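Presented below is the structure to which this report refers.
The values are calculated or read from the model by the stated rules, or taken from the named source; none is laboratory data. Bear in mind that the values here come from a model prediction, so they are computed numbers and not experimental data. Cβ sites come from the backbone with ideal geometry, for glycine too, and all protein chains shown count toward neighbours. For accessibility, only protein heavy atoms count, side chains too; no ligands or nucleic acids. Shrake-Rupley method; radii C 1.70, N 1.55, O 1.52, S 1.80 Å.
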Amino acid sequence: MRLIQNMSTIAEYPTPEFPQPNRVIKIAVIGGSGVGKTALVVRFLTRRFIGDYERNAGNLYSREIQVDGEQVTIQVQDTPGAEVTDNGISFPDHITCSIQWADAVVLVYSVTDRRSFDLIDQLHQLVVRTGGANMPPVILLANKADLLHLRRVDSQQGPLLAGTLGCSFYEVSASEDYNQVHGAFHRLCCQLAKQPPPASIASHSPASTASEKRRSPLIPRPKSPNMQDLKRRFKQALSAKVRTVTSV
């Protein structure tokens, strides 16, 4: 797994000298604070469970996996938690950018936190508004299923809400069961892998243009430093030629 943050990369596996480009599947994980979003992402990508995390600032994780026999790169965007305030619900700007960037969205709540469950409907509305005609697929994930003595959301309420929202539902425990977490994310990856990649769509079609716009805010394409240097040299040469003509 790679953690991509602040232009630095931590690699946990060797990179080939001449790597072949893989298809990239982008997933955004959103939900309230303290529901275990980071624990779920790390559990899926590394099999490890770490109980305590610093408050999430929005990390991007990446790993290469096999999906239906195809080598693909999975990028998972962890996001800051939505907060309930006196003025209503606060959605960090990073959540909107992540939805625009993502191929799919995972909505997460904790079965031990009723407020996090009540947030889901409004988070789904945000996905609908942000995605528009290119709304990404969504799944609903209930975490901390092992904490039976702390449960505040009935086990039947999650499936009912998922049915209302029109999405798949999974109840998992990031701390106790890797297979549950992996199964939920892996099924989503398989669903996305079956869809035609964006590059296969005609470059001038409206869908392609909208898709490109949807992905661009989070990871802008960098300008080539070589091209910038050539432009700078050309301007210097042109300026010198103008000064020579003027002096004559």
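Here are the numbers for this structure:
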{"read-out": "Leading residue by the ranking (farthest from SER33 (Cα to Cα)) among those in the stretch 91-118 that are open to solvent by 10 Å² or more (accessible area, probe 1.4 Å) and in contact (Cβ under 8 Å) with a residue 40 or more places away in the chain", "value": "ASP103"}
{"read-out": "Members of the stretch 140-161 that are touching a Gly at 6+ places or on another chain (Cβ under 7 Å), touching a residue at least 40 places away in the same chain (Cβ under 8 Å) and not in a loop (DSSP other than H, G, I, E, B)", "value": "ASN143"}
{"read-out": "Scope the stretch 77-107; condition part of a loop (DSSP other than H, G, I, E, B), in contact with a strand residue (DSSP E or B) (Cβ under 6 Å, 6 or more places away or on another chain) and modelled with pLDDT under 80; matching residues", "value": "PHE91"}
{"read-out": "The stretch 34-70, residues that are modelled with pLDDT under 90 and open to solvent by 60 Å² or more (accessible area, probe 1.4 Å)", "value": "ILE50, ASP52, TYR53, GLU54, ARG55, ALA57, GLN66, ASP68, GLY69, GLU70"}
{"read-out": "Residues of the stretch 162-179 satisfying the condition of being closer than 27 Å to GLN125 by Cβ, without any contact (Cβ under 8 Å) to a residue 60 or more places away in the chain and not in a loop (DSSP other than H, G, I, E, B)", "value": "ALA162, GLY163, THR164, LEU165, SER168, PHE169, TYR170"}
{"read-out": "Single unsatisfied condition, LEU126 versus (1) in contact with a strand residue (DSSP E or B) (Cβ under 6 Å, 6 or more places away or on another chain); (2) in a helix (DSSP H, G or I); (3) within 16 Å of VAL29 (Cβ to Cβ)", "value": "(1)"}
{"read-out": "Subset of the stretch 129-139 [open to solvent by less than 60 Å² (accessible area, probe 1.4 Å) and either part of a helix (DSSP H, G or I) or more than 18 Å from LEU160 (Cβ to Cβ) (or both)]", "value": "THR130, GLY131, GLY132, ASN134, PRO136, PRO137"}
